[in-house]
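Here the structure comes first, spelled out in structure tokens, and everything after it is commentary.
The values are calculated or read from the model by the stated rules, or taken from the named source; none is laboratory data. Small disclaimer: the values here were computed from a predicted structure and weren't measured. Cβ placement follows ideal geometry from the backbone for every residue including glycine, while neighbour counts extend to all protein chains displayed. In case anyone asks, the SASA skips ligands and DNA or RNA and just uses the protein heavy atoms, side chains included. Shrake-Rupley method; radii C 1.70, N 1.55, O 1.52, S 1.80 Å.
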Amino acid sequence: GPASMGRELHRVELQVSEGIGTFWIVPRLADFHKQHPDILISLNCSLVPLNRFRSSNCIALQLVRPEDPNAVCGHLGSVHVMPFAAPDYLNRFGTPRNLQDSRSHQLVIQTNEVMRDDFFSLLFGDVPPASMIALETNSSAAHYWAVSKGVGIGMLPTYARAITRSVVPINMELKLRRDLWLAYPLDAKKSKAMTTVLAWLRDSFDSRLYPWFSDDFVHPDNFEHHFGDSNVVRLFAGIMEFGS
């Protein structure tokens, strides 16, 4: 049977914002599981950031800093967000060159707790006219799929370009940076499982390997240049291409 049979399983709960959980953590989990069959990661992709820890075996990885006074909290890196669209959409409607241009386009909007629409306050100083909105959703995954299927232009993290070819960055004077926080309870027993998962998470967001998590903006066009033939892009080859 599997390597973990008959061995004690250590469960670590990982609370993570949905987009990062779905698109960045999940592809890496298979590899982690092979190396650590005795650690069960329970992945909770949440639209609402965790603020207080309820258990000592929980780790939070999110775009909002938890306010729990009994938590250790550190800055793990940055997520950079910019407009993306599907090639199909740009072929039909053209590519906006600036904010003014984009007012005549269809937009896909993410409306959850964390990714509220800075995009549109920047564009309009207010709420966009309903005629411009092709879709609004609170889900990062639904938002990504809508953009990749040509529904409209949406704000995606720059790392989208490292994992898929089905969306293209749009060069307008519109970029946002968000802090990525790693937190865990102070009283977390310094269990080997917890320290193993924490080290794995730090490696997973190492900006020397993954420049899109560095505090400085790196344009997606420079990702390939940065990698040459490295296996990082291959690691994700095809992950987002099913159904496309």
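Conditions tested, residue by residue: (1) at pLDDT 90 or above; (2) under 28 Å from S214 (Cβ atoms); (3) touching a Leu at 6+ places or on another chain (Cβ under 6 Å); (4) aliphatic (A, V, I, L, M).
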{"residue": "Q35", "(1), (2), (3), (4)": "yes, yes, no, no"}
{"residue": "E67", "(1), (2), (3), (4)": "yes, yes, no, no"}
{"residue": "A86", "(1), (2), (3), (4)": "yes, yes, no, yes"}
{"residue": "N98", "(1), (2), (3), (4)": "no, yes, no, no"}
{"residue": "S121", "(1), (2), (3), (4)": "no, yes, no, no"}
{"residue": "M132", "(1), (2), (3), (4)": "no, no, yes, yes"}
{"residue": "S148", "(1), (2), (3), (4)": "yes, yes, no, no"}
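Show the residue pairs meeting these rules: Cβ distance below 7 Å; 6+ apart or different chains; first residue within the stretch 214-231 and at pLDDT below 65; second residue not charged (D, E, K, R). Pairs found: H226/P211; F227/V233. Using the structure shown, decide if A141 is modelled with pLDDT under 85, exposed (fewer than 15 other Cβ atoms within 10 Å of the Cβ) and small (G, A, S). For A141, the condition - modelled with pLDDT under 85, exposed (fewer than 15 other Cβ atoms within 10 Å of the Cβ) and small (G, A, S) - is not met. Of all residues in the stretch 184-226, those being assigned to a loop (DSSP other than H, G, I, E, B), open to solvent by less than 30 Å² (accessible area, probe 1.4 Å) and touching a helix residue (DSSP H, G or I) at 6+ places or on another chain (Cβ under 6 Å) number 3. Filtered by the rule that a residue be surrounded by fewer than 18 Cβ atoms within 10 Å (Cβ to Cβ) and within 15 Å of the chain's Cα centre (by Cα), the stretch 145-177 gives L176, R177. If you go through the stretch 16-32 and keep only what is farther than 15 Å from D203 by Cβ and either without any contact (Cβ under 8 Å) to a residue 12 or more places away in the chain or in contact with a Pro (Cβ under 6 Å, 6 or more places away or on another chain) (or both), you end up with just A30. In the stretch 90-98 there is no residue that is surrounded by 12 or more Cβ atoms within 10 Å (Cβ to Cβ) and either in contact with a Gly (Cβ under 7 Å, 6 or more places away or on another chain) or closer than 20 Å to S191 by Cβ (or both). Every condition in (1) at pLDDT below 85; (2) under 15 Å from the mean Cα position of the chain (by Cα) holds for K189 except the one numbered (2).
Of all residues in the stretch 31-64, which are surrounded by 14 or more Cβ atoms within 10 Å (Cβ to Cβ), in a helix (DSSP H, G or I) and touching a helix residue (DSSP H, G or I) at 6+ places or on another chain (Cβ under 9 Å)? F32, the sole residue that qualifies. Condition first: open to solvent by less than 60 Å² (accessible area, probe 1.4 Å), at pLDDT 90 or above and over 30 Å from Y159 (Cβ atoms). Now tell me which residues in the stretch 1-30 satisfy that. Of everything in the stretch 1-30, nothing turns out to be open to solvent by less than 60 Å² (accessible area, probe 1.4 Å), at pLDDT 90 or above and over 30 Å from Y159 (Cβ atoms).
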